[in-house]
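Have a look at the structure below before the remarks.
The values are calculated or read from the model by the stated rules, or taken from the named source; none is laboratory data. These figures come from a predicted structure and were not determined experimentally. Here the Cβ is made from the backbone with ideal geometry for all residues, glycine too, and neighbour counts use every protein chain on show.
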Amino acid sequence: MEEFRFKEEPTIIRVEKDAAEVAETVEEKVETVEEAAEPVVEEKTEPVIEKAPAEPAPKEPEIIETMDDYTAEIEASLKKIRTGDVMECTVVAFDETGVSVDLDYYAPGRIPAEEMSADPLFSIFSDVTVGEQFRAIVTNPDDGAGNIILSRKEADAEFAWEKLQEMQEEGTVIEGTVAGITKSGVIMYVEGIRGFIPASKLDLNYVEDTEPYLNKKIKVQITEVDEGRKKLILSAKELLVEAAAEKKLENINRLSVGAVFEGTVEKIMDYGAFVNIGDGLSGLLHVSQISENHITHPKAVLKLGMKVKVKIIRIENGKISLSMKAAKEAEEEVLNEEAAEYKSEYVPNNPFAALLKDIKLDQ
């Protein structure tokens, strides 16, 4: 019997080998497909903007301090304060015992309450403010507690006269409070100096009783300054005269020529009389305007305090001219007009009068 051999065995082995290669190839392709399926993330880059180079900041000038910059402070700190020195003071605090001041010095200053002013009405709480500046004289350079004691009152007495002279020359208006009264006037302190207001200068007219003026606030001007005699004279009259003149002008501007007033005779002169018509206004009633009849003197008709009817006939340069004659004529005209109006409106009770009023009879 003949032996049969399979010739394909080698082929089978080759096929298995090829299958393995195929399987490996398939796996590589699968991996390749999976890698291709992964999303690709693109990296974004911001556009590059070129900036102009920044200018270098200006250099601040270098400050070089020298000893000259501190010369004033050094000299001030080395200055020896002595009794009698005049110091510039700035108020930093105050209480009932006195005022604390800055002297621009290493030691503080202190002014006792009684050394602030010679004015008896002076009050620390109402007349002193923080930051206020004034001059004061050293009375004690060291009180033992490191304070410099000063007196503003002495400084005022030394320098006030110079300021008062300036105030007089400039016509400064001063508002003050009357601190005392006398039989002939009142006392007022200005810049710590005792001033006197005569009774004749307190008001427009002489003041007989000065007592009501005590503690009263009034406005005055300086009329006399005499440092040698320690004399200071004040006056309120000039200011009152000026105010009265302005008020009078305002009242006059409200008047009109032809207005009739009932006035009071307040002064009789040879050439006429002055009649007060109210609001502080007076007008001249000339002797020729007093009566229709000729008179040689106003006293022939008028008396002081007498009430008279007057009419304004002229206003010129702040002066008012009056007339009794014109007032009487104006009054008669009014009476005549009223009488004429009454006659025109009168209707007689007689019925025949209405029929006959338009009939004219031949003469």
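If we scan region 149-157, do we find a residue that is of a type in the set (Lys, Arg), within 30 Å of Arg82 (Cβ to Cβ) and touching a Phe, Trp or Tyr at 6+ places or on another chain (Cβ under 9 Å)? Give the steps one after another, and end with the answer.
Quick first cut of region 149-157, residues of a type in the set (Lys, Arg) only: 152-153.
If we keep only those that are within 30 Å of Arg82 (Cβ to Cβ) too, we end up with 152-153.
This time we only want the ones that are touching a Phe, Trp or Tyr at 6+ places or on another chain (Cβ under 9 Å), so: 152.
Within region 149-157, one or more residues are of a type in the set (Lys, Arg), within 30 Å of Arg82 (Cβ to Cβ) and touching a Phe, Trp or Tyr at 6+ places or on another chain (Cβ under 9 Å).
Anything in region 143-178 that is among the hydrophobic types (A, V, I, L, M, F, W, C), within 23 Å of Thr223 (Cβ to Cβ) and in a helix (DSSP H, G or I)? List them, or say none. Walk me through it before giving the result.
Our first condition is that a residue be among the hydrophobic types (A, V, I, L, M, F, W, C); within region 143-178, this holds for 145, 148-150, 155, 157, 159-161, 164, 167, 173-174, 178.
Checking which are within 23 Å of Thr223 (Cβ to Cβ) leaves us with 157, 159-161, 164, 167, 173-174, 178.
If the condition is that a residue be among the hydrophobic types (A, V, I, L, M, F, W, C), within 23 Å of Thr223 (Cβ to Cβ) and in a helix (DSSP H, G or I), then Ala157, Phe159, Ala160, Trp161, Leu164, Met167 are the ones that fit.
Picking from Ala245, Ala273, which residue would you name as being exposed (fewer than 12 other Cβ atoms within 10 Å of the Cβ) and among the hydrophobic types (A, V, I, L, M, F, W, C)? Full working, then the answer.
Numbers: Ala273 fails: exposed (fewer than 12 other Cβ atoms within 10 Å of the Cβ).
It is Ala245.
Within the set of pairs 6+ apart or on separate chains, which have a first residue in region 229-242 that is part of a helix (DSSP H, G or I), a second that is exposed (fewer than 13 other Cβ atoms within 10 Å of the Cβ) and modelled with pLDDT under 95, and C-beta atoms under 7 Å apart?
Lys237/Leu204; Leu240/Leu204; Val241/Leu204
Going by the structure shown, is Ala179 assigned by TED's automatic domain parsing to the domain that holds Asp226, surrounded by fewer than 19 Cβ atoms within 10 Å (Cβ to Cβ) and not polar (S, T, N, Q)? I'd like the intermediate steps shown before the answer.
Numbers: assigned by TED's automatic domain parsing to the domain that holds Asp226: yes; surrounded by fewer than 19 Cβ atoms within 10 Å (Cβ to Cβ): yes; not polar (S, T, N, Q): yes.
Answer is yes for this residue.
Only one of Ile320, Ile313, Ile359, Ile295 is of a type outside the set (Ser, Thr, Tyr), modelled with pLDDT of 90 or more and over 18 Å from Lys267 (Cβ atoms). Can you tell me which? Break it down stepwise before answering.
Details: Ile320 fails: over 18 Å from Lys267 (Cβ atoms); Ile359 fails: modelled with pLDDT of 90 or more; Ile295 fails: over 18 Å from Lys267 (Cβ atoms).
From the options Ile320, Ile313, Ile359, Ile295, the qualifying one is Ile313.
Return a yes/no flag: does region 124-142 have any residue that is of a type in the set (Gly, Ala, Ser), in contact (Cβ under 8 Å) with a residue 60 or more places away in the chain and more than 20 Å from Gln221 (Cβ to Cβ). Outline the logic, then answer.
As a first pass, look at region 124-142 and keep what is of a type in the set (Gly, Ala, Ser): 126, 131, 136.
So of that shortlist, the ones also in contact (Cβ under 8 Å) with a residue 60 or more places away in the chain come out as none.
No.
Which ones in region 95-120 are under 32 Å from the mean Cα position of the chain (by Cα), surrounded by 16 or more Cβ atoms within 10 Å (Cβ to Cβ) and touching a residue at least 24 places away in the same chain (Cβ under 8 Å)?
Gly98, Val99, Val101, Leu103, Ile111, Glu115, Met116, Ser117, Ala118, Asp119
Given the conditions (1) outside any strand (DSSP E or B); (2) farther than 19 Å from Ala330 by Cα; (3) touching a residue at least 12 places away in the same chain (Cβ under 8 Å), report the number of the one that Ser291 does not fulfil.
(2)
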